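The values are calculated or read from the model by the stated rules, or taken from the named source; none is laboratory data. On a predicted model such as this, the values are computed, not experimentally measured, just so you know. A quick note on method: Cβ atoms are made from the backbone with ideal geometry, for glycine too, and the neighbour counts reach across all protein chains shown. SASA here: full protein model, heavy atoms, side chains in, ligands and nucleic acids out. Shrake-Rupley method; radii C 1.70, N 1.55, O 1.52, S 1.80 Å.
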Amino acid sequence: MTGLTTLGQFIIEKQADFPYAKGELSRLLRDIGIAAKIVNREVNKAGLMDILGDAGSTNVQGESQKKLDVFANDQFISALRSGGECCIVVSEENDEYLYIDSEISKNAKYIVAMDPLDGSSNIDVNVSVGTIFSIFRRKSTEGKATLEDVLQKGVDQVAAGYVIYGSSTMLVYTTGKGVNGFTLDPSIGEFCLSHPNMTIPKDGHIYSINEGYYTHFPDGVKKYIKYCQVEDEATNRPYTSRYTGSMVADLHRNMIKGGIFIYPITAQAPNGKLRLVYECNPMAFIIEQAGGFASNGYQRILTLDVTELHQRSAIFIGSCNMVKRAEEMMACFSPQITKTSFEGVVNIQ
Ligand code: AHG
Ligand code: MN
Ligand code: MN
């Protein structure tokens, strides 16, 4: 007896937390775990395979797709298709949502939104990448699920998680009852519980933002960055700056050590860069479940209206007190910024 709890065992044990559940969500999570292992296998030997570099295509957002973006997308879709618990998949890599039309999926109740490979620009240089997923129950009770079933607010998620393909590979997820992390043991090919009941410190000393865009940030963000850099013994400032370019990696580190991750609106990305449905909402759900907070600078991410599959949002996420402080700066120096007023603001250095 090893004393290890595998992801599969843990999911089954936790099924009792949901008296109405018939095991469908458990099976869905298991399917995601399987796809994650396959993607992990490819990420791990990426340098040896013809899998680095561009796939030669672009996604709906005009971003060039990496071969691994496409591979990861295919793996997750195929695991969800053969699992039979998912009726619709929304993916960063697909313009439209995808119906899973098969005999075994005809009664499927769940919708999965995902960023199959987060931080793809880091693949070719061997820096951690990730997968993000969000799970909803369809609202309609008959016929095919509809766009309305897909466009649910973050607060309606039933589960969310991420996989980080890092110095070790971890799967971290929540079903709304705390956050648990599992590390892949390659010798047995299983995710094993390594980080039970993860919590993010209320205060932190790390800020993560692409400071290269500094001049394009709203004043509230500029003021917050300056606040992080000022010396102050009482609050242990200056804080440390850490930014990898993979949101999953930056948030995972901040979750463990405490910190804030910011991707604000910028002059180039007036609605923000990150996608609400499969990047911001799932990460916000996980971080809130760990005791942190996520905001778009003014409003809780999880309560934002969702009107489009690939909708973007600004995000301030991480340790509660750090996010609250950043929100204060936004309220004070960039009150209710609008696209038009923002375009005016950015020219002022
Ligand atoms: P993706 O690889 O799924 O497109 O996501 C990349 C995201 C996110 O992971 C990261 O934090 C951010 O884009 C980096 O963007 P910048 O290079 O603009 O900082
Ligand atoms: Mn991403
Ligand atoms: Mn991606």
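Observations on the model:
- Area projected by the alpha carbon convex hull of region 7-195, averaged over all directions, nm²: 11.0
- Net charge in the neighbourhood of residue 50 (other residues with Cβ under 13 Å of its Cβ; Lys, Arg +1, Asp, Glu -1) is 0.
- Rounded to the nearest whole Hz, the Karplus-based 3J(HN,Hα) values (6.51 cos²θ - 1.76 cosθ + 1.60, θ = phi - 60°) of region 4-11 follow the sequence 7, 9, 7, 4, x, 4, 4, 4, with x at glycine and proline.
- Calculated from backbone phi, Karplus (6.51, -1.76, 1.60) coupling profile of region 161-170 in Hz, x at Gly/Pro: x, 9, 10, 10, 9, x, 4, 10, 9, 10
- Over all other residues within a Cβ to Cβ distance under 9 Å of residue 275, the charged ones net out to -1, with Lys and Arg as +1 and Asp and Glu as -1.
- Viscosity 0.890 mPa s, 25 °C: Kirkwood-radius Stokes-Einstein D of the chain over Cα pairs, µm²/s: 119
- Rounded percent of accessible protein surface that carbon and sulfur make up, the chain, 1.4 Å probe: 50
- Excluding ligands, DNA and RNA, the accessible surface per residue across the chain is 44 Å² with a 1.4 Å probe.
- Compactness of region 165-229, expressed as Rg and Dmax over alpha-carbon positions, Å: 17.7, 51
- 3J(HN,Hα) along region 139-145, derived from phi through the Karplus expression 6.51 cos²θ - 1.76 cosθ + 1.60 where θ = phi - 60°, amounts to 8, 5, 10, 9, x, 6, 4 Hz, with x in place of Gly and Pro.
- Förster radius 41 Å - calculated FRET efficiency between residue 52 and residue 241 (Cβ-Cβ, nearest 0.05): 0.90
- Placing a label point 7 Å from the Cα of residue 188 along the Cα-to-Cβ direction, the residues of region 4-25 with a backbone N closer than 15 Å are 4-11.
- Relative contact order %, region 226-315, counting alpha carbon pairs below 8 Å whose residues are six or more apart: 27
- Beta bridges by DSSP in the chain, antiparallel share as percent, to the nearest 5: 85
- With each label modelled as a point 7 angstrom along the Cα→C-beta vector, the residue 333-residue 232 pair spans 1.2 nm.
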